[in-house]
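I have placed the structure first, in the form of structure tokens, so that the comments after it can refer back to it.
The values are calculated or read from the model by the stated rules, or taken from the named source; none is laboratory data. Bear in mind that the values here come from a model prediction, so they are computed numbers and not experimental data. When we count neighbours, we look across all protein chains shown, and the Cβ atoms used for this are built from the backbone with ideal geometry, even at glycine. Only protein heavy atoms, including side chains, enter the accessible area calculation; ligands, DNA and RNA are left aside. Shrake-Rupley method; radii C 1.70, N 1.55, O 1.52, S 1.80 Å.
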Amino acid sequence: MPIRVLVADDHAIVRDGLRAILEAQGDITVAGEAADGRQAVRRAQELRPDVVLMDIAMPELNGIEATRQIRESSPSTQVVILSMHCTGEHIYQAFQAGARGYLLKEAAGKEVAAAVRVVHAGRRYLSQAIAETVLTEFTREQAERTKSPLESLSPREREIVQLVVEGKSSAEIAEILLISPKTVETYRSRLMHKLGIEDIPTLVKFAIQHGLTPLK
């Protein structure tokens with residue numbers, strides 16, 4: 001039985017390219033596609049794919065938070081993050097969210113099929129473009145790291161951070177998350193207090209630095 005994959009990327013040309021590469025393998029089939037993070041979560045729940053290829057820089061809901069939600073609702077589905085970034089912060093957040101693989105976009109054409117097979121087999125995959133020494137150092141540093149400011153935020157607060165910095169109003173956020181505008185305002189006030197942030201420009205900078213929202 002072929003490995004069923006959901007391709008999640010906000011660029012149609014990238015989705016088409018990944019589909020062509022994967023379906024040429026013979027043992028992999030693309031079960032569906034998603035163009036934003038929320039759609040990826042919904043499609044994963046509907047299709048129950050074996051593996052999701054998840055762009056880290058997704059609108060509406062970034063790839064890290066989408067991965068977290070997919071792993072919670074569909075624990076048998078494995079996730080491989082596609083990213084242009086190889087910083088320790090991005091890698092740590094991806095694996096903490098439940099991803100089993102981390103693939104640099106620049107190497108995706110060569111490695112994507114291998115990454116899918118490895119995570120489907122229950123192992124972890126890290127892009128070969130990231131040296132083994134980096135992984136070793138990263139693992140050591142994370143064991144010694146101090147608590148990240150992100151850990152003070154709930155998943156819902158992280159969702160609201162992204163939507164706020166994307167310029168959405170409280171009413172728009174309320175409609176997306178199916179909560180009241182007043183509740184949105186409460187969440188926003190609370191999360192900014194937790195972070196010690198007093199204005200939106202500073203919140204935008206924080207969100208980009210910590211991978212909560214994409215910088216394209």
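With springs only between Cα atoms under 10 Å apart, run a GNM on the chain and tell me which of L61, L178, L191 wobbles the most. Among L61, L178, L191, the largest GNM mean-square fluctuation belongs to L178.
In the complete set of protein chains, residue-level accessible area for H210 is approximately 40 Å², probe 1.4 angstrom. For the chain, carbon and sulfur atoms together expose 53% of the accessible surface, with a 1.4 angstrom probe and every protein chain in place. Dipole magnitude for the chain: computed about the Cα centre from +1 point charges on Lys and Arg Cβ and -1 point charges on Asp and Glu Cβ, it is near 440 debye. Heavy atoms of the protein chains alone define the surface here; on that basis the chain has 47 Å² accessible area per residue at 1.4 Å probe size.
Take each peptide in 3-11, 26-34, 199-207, count the other Cβ atoms within 10 Å of every residue, and average; sorted highest first, the result is 3-11, 26-34, 199-207. For GluC sites (Glu not before Pro), the sites in segment 143-210 that DSSP calls loop and that have at most 14 other Cβ atoms within 10 Å are E198.
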